[in-house]
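Step one of this worksheet: look at the structure below.
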Amino acid sequence: MPELIEVEAYRRLAEQALERKITEVIAPDAWWLKGGLSADVLSDALVGRHFLAARRTGKRIMLDTSDHGPVLGLRFGMTGRLLVDGAAGVEKLEYSSNRDVEAWDRLVVRFADGGDLRVRDAVGLGLAGLRKVLGESRVALKARLMDQSKIAGLGNLIVDEALFQAGLDPARPAGGLDDAALKRLHQAIRKTLTNLTKRGGSHTGALQPARHRDGVCPLDGAPLLRRTIGGRTTYSCPVHQR
């Protein structure tokens with residue numbers, strides 16, 4: 001995940017976006033925008049201006065804009081990457097994918113000179129996208145979620161925590177979820193990524209302290225199942241994960 005060193009590298013890269021007139025802003029994922037911000041409001045605030053300075057506050061980049069305009073704050077979570085004119089500030093993140101897939105762009109700021117600034121996050125997956133990924137697959141749910149060709153960026157600990165929170169058995173067929181379970185899983189993935197990012201890493205989940213051979217479920221005290229699913233050691237509760 002992007003730590004201070006990586007975010008500082010992003011800040012330095014963002015300096016290459018300064019003093020370039022903004023002509024278009026694309027923000028296709030409403031969930032990624034925070035604080036009541038919308039794509040239209042963001043576009044109205046930035047188009048016609050240019051970035052004046054790139055600052056770092058902790059793990060957040062702050063981009064000042066011209067004409068006393070707003071400050072654009074960028075957070076990168078566990079899997080976000082910054083690119084300017086196609087160049088990445090960091091080549092590899094532990095929990096992310098380095099594939100260049102435009103469908104993963106959460107923010108694109110285009111400049112009059114033809115270049116752009118992009119925030120790319122492989123796990124910015126909507127409910128419809130998750131439904132498509134799982135499809136009618138008979139592959140184990142955990143294995144499908146960890147298939148980097150389907151959803152890039154979800155690692156072993158993240159998936160176990162999300163399934164624990166969603167109350168879903170990691171060994172059940174991926175394509176067997178009803179609408180309620182699918183929505184529960186989608187919300188759990190989002191919540192898990194948000195919470196683990198705030199706490200400092202994928203090792204900070206509620207399930208993590210119990211991930212050992214004699215571990216019991218933090219919710220109901222049942223002995224945890226320890227299995228190998230998708231080639232990875234997997235812990236789950238046989239009582240509330242169905």
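Yes/no matrix, rows are residues, columns are (1) free of Cβ contacts under 8 Å to residues at least 40 places away in the same chain; (2) under 18 Å from PRO218 (Cβ atoms):
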residue	(1), (2)
ARG131	no, no
GLU136	yes, no
ALA143	no, no
ILE151	yes, no
GLY155	no, no
GLU161	no, yes
PHE164	no, yes
ALA171	no, no
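Selection of first residues in the range 204-219 that are of a type in the set (Ser, Thr, Tyr) and of second residues that are open to solvent by 30 Å² or more (accessible area, probe 1.4 Å), restricted to Cβ pairs under 8 Å at least 6 apart or on distinct chains, gives the following pairs, ordered by first then second residue: THR204/ASN195.
Among the residues of the range 226-242, those identified as within 21 Å of LEU154 (Cα to Cα) and hydrophobic (A, V, I, L, M, F, W, C) are ILE229, CYS237.
Using the structure shown, decide if GLY155 is small (Gly, Ala, Ser) and either under 28 Å from LYS59 (Cα atoms) or surrounded by 15 or more Cβ atoms within 10 Å (Cβ to Cβ) (or both). Here the answer is yes, as GLY155 does meet what is asked.
Yes or no, residue by residue, for (1) within 24 Å of LEU134 (Cα to Cα); (2) modelled with pLDDT of 95 or more:
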position	(1), (2)
ILE151	yes, no
GLY176	yes, no
GLY200	no, no
GLN241	yes, yes
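Scan the range 29-39 for residues that are exposed (fewer than 14 other Cβ atoms within 10 Å of the Cβ) and either in contact with a His (Cβ under 7 Å, 6 or more places away or on another chain) or touching a residue at least 60 places away in the same chain (Cβ under 8 Å) (or both) and the total you get is 1. With the structure loaded, tell me whether THR233 is among the hydroxyl-bearing types (Ser, Thr, Tyr), modelled with pLDDT under 90, under 23 Å from the mean Cα position of the chain (by Cα) and open to solvent by 40 Å² or more (accessible area, probe 1.4 Å) or whether it fails that test. No, not satisfied.
The sole residue among ALA54, ALA39, ALA45, ALA87 that is in contact with a Lys or Arg (Cβ under 8 Å, 6 or more places away or on another chain) and on the phi < 0 side of the Ramachandran plot is ALA54. Of the listed requirements (1) farther than 28 Å from GLY201 by Cα; (2) at pLDDT 95 or above; (3) surrounded by 14 or more Cβ atoms within 10 Å (Cβ to Cβ), GLU24 misses just one: (3). Reported count of residues in the range 188-217, each being on the phi < 0 side of the Ramachandran plot, of a type outside the set (A, V, I, L, M, F, W, C) and open to solvent by less than 70 Å² (accessible area, probe 1.4 Å), is 11. Kindly indicate whether ASP220 is on the phi < 0 side of the Ramachandran plot and out of contact with any helix residue (DSSP H, G or I) (no Cβ under 9 Å at 6 or more places or on another chain). For ASP220, the condition - on the phi < 0 side of the Ramachandran plot and out of contact with any helix residue (DSSP H, G or I) (no Cβ under 9 Å at 6 or more places or on another chain) - is met.
The values are calculated or read from the model by the stated rules, or taken from the named source; none is laboratory data. Just so you know, these numbers come straight off a predicted model, no measurement behind them. No Cβ is skipped: glycine too gets one built from the backbone with ideal geometry, and neighbour counts run over all protein chains shown. Each accessible area value is taken on the protein alone, full model and side chains, heavy atoms only, with ligands, DNA and RNA left out. Shrake-Rupley method; radii C 1.70, N 1.55, O 1.52, S 1.80 Å.
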